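Single-structure report; data block below.
The values are calculated or read from the model by the stated rules, or taken from the named source; none is laboratory data. As the structure is a prediction and not an experimental result, all values here were calculated from the model. Positions of Cβ are generated from backbone atoms using ideal geometry, with glycine treated the same way; all protein chains shown enter the neighbour counts.
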Amino acid sequence: MVRRLIMKRRYGSRLRSLPDRTYEVMRMSNPIFTNWTQDLTDKWAKAPLKATHRLHEHPLFSFDALADLIDRYPREHYALVQMGPQGSPRRTWREGDIGGLKGAAVIDSIRNGRMWLNLRNVGAVDARYRELLDAAFEEVARNVPGYDTYARTNGILISSPNAQVYYHTDLPGQSLWQLHGRKRVFVYPNTPPFLTDEQLENIALFEVEVDMRYEPAYDQHAQVFEIGGGEMLHWPLNAPHRVENLDCLNVSMTTEYWTEAIRRSQMINMANGILRYKAGVTPKSRVTKGLGFWTKAALQAGVKRAGLLKKERKARRPIEFKLDPVHPGAIIDFQQAAE
Ligand SMILES: [Fe+2]
């Protein structure tokens, strides 16, 4: 009863009608991972893996709570992206605005359209999401000794039936938590030809992760996972991946974090990129300790401090459309509207 009162205070009046079981899953003392095994401990960050969790049952991830979150979500922290049809070779990537729609209507639009909404940093906007993120990674550290993470962030991705996320890689450590709907995730080796040092340097310097070369033949080397609510994926650092939603609305949480090893790897990406693109030297080493490493660490820190990389980064994409308030799933194109 006391717990119920505390939860009510924390989560608000919307939760008044929730059954006891829901309060039970909200307890932070309950593990977030539901079936941790020694195999997961052995494989964590070394191989792509699937684990199970209980976040999909958490009231913070109900559609009501998500609609409420969208209602108060700061503009600068979200991206709404329209995608091309599945299977089309041409990449479409246009950014839009929710156009003042209420959260529930935004979700309805996504359910009927072909787009995704990325609430990029929910932990910064609402501390309750941050608490869950921290709890999840404290559990990982308890299960995988020495796997200490910091600068963790989490985002919520709401995406249309059959939407896709193109082949790309991410620089921080990453995991994908499925909350609602189902998707197919292709995870590729983090070695050439799937990923080269030059590509990593490019992404570190110029933030062009969605422009990576992809060949359909790569799929023969991918590990393919189909995940639904209550399942999560983790993969080795920088492993390229792409995602195809099944024919249903999808809600996922993405988590990013750094470890000391990942931080050093990123410093090497930056330093080797500077050598390659600024000094015309082909870097030979990705060693992350010793004098060579610290020389590169100083090089990239100096260039960053001097602000020399800022102009290289891609300009923010223009906002090209807004959601149509009358026809859920349709968009209003700013260019066409102006003609
Ligand atoms: Fe990713």
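Name the residues in region 93-124 that are assigned to a strand (DSSP E or B) and small (Gly, Ala, Ser), would you?
Let us first name the residues in region 93-124 that are assigned to a strand (DSSP E or B), namely 93-97, 115-119.
Listed by number, the list holds a single entry, GLY96.
The residues of region 49-77 that are at pLDDT below 95 and surrounded by 13 or more Cβ atoms within 10 Å (Cβ to Cβ) amount to a single one, HIS77. Taking the criterion of being closer than 22 Å to ASP64 by Cα, away from the ligand (no atom under 16 Å from the Cβ) and in a strand (DSSP E or B), no residue of region 125-170 qualifies. Evaluated against (1) over 30 Å from LEU205 (Cβ atoms); (2) within 14 Å of the ligand (Cβ to nearest atom), SER175 falls short on exactly one condition, (1).
Given (1) within 16 Å of the ligand (Cβ to nearest atom); (2) free of Cβ contacts under 8 Å to residues at least 12 places away in the same chain, identify the lone condition not met by ASN118. Every condition holds for ASN118 apart from (2).
Could you check region 210-233 and list, in sequence order, the residues that are within 12 Å of the ligand (Cβ to nearest atom) and crowded, with 17+ Cβ neighbours inside 10 Å? Give the steps one after another, and end with the answer.
Keep residues of region 210-233 that are within 12 Å of the ligand (Cβ to nearest atom), which gives 210, 212, 233.
MET212, LEU233, listed by residue number.
So MET83 ticks every box in (1) buried (at least 17 other Cβ atoms within 10 Å of the Cβ); (2) more than 30 Å from ARG213 (Cβ to Cβ) but one. Which box is left unticked? Of (1) buried (at least 17 other Cβ atoms within 10 Å of the Cβ); (2) more than 30 Å from ARG213 (Cβ to Cβ), only one is false for MET83: (2).
Quick one: which of LYS322, LYS314, LYS310, LYS296 is modelled with pLDDT under 70 and in contact with an Asp or Glu (Cβ under 8 Å, 6 or more places away or on another chain)?
On the way: LYS322 fails: modelled with pLDDT under 70; LYS310 fails: in contact with an Asp or Glu (Cβ under 8 Å, 6 or more places away or on another chain); LYS296 fails: in contact with an Asp or Glu (Cβ under 8 Å, 6 or more places away or on another chain).
Result of the check over LYS322, LYS314, LYS310, LYS296: LYS314.
Evaluate region 187-204: report whether one residue or more is over 19 Å from LEU66 (Cβ atoms) and in a strand (DSSP E or B). Steps first, please.
Narrowing region 187-204 to residues over 19 Å from LEU66 (Cβ atoms): 187-204.
Now narrow it down to the ones that are in a strand (DSSP E or B): 187.
Yes, there is a match, as at least one residue in region 187-204 is over 19 Å from LEU66 (Cβ atoms) and in a strand (DSSP E or B).
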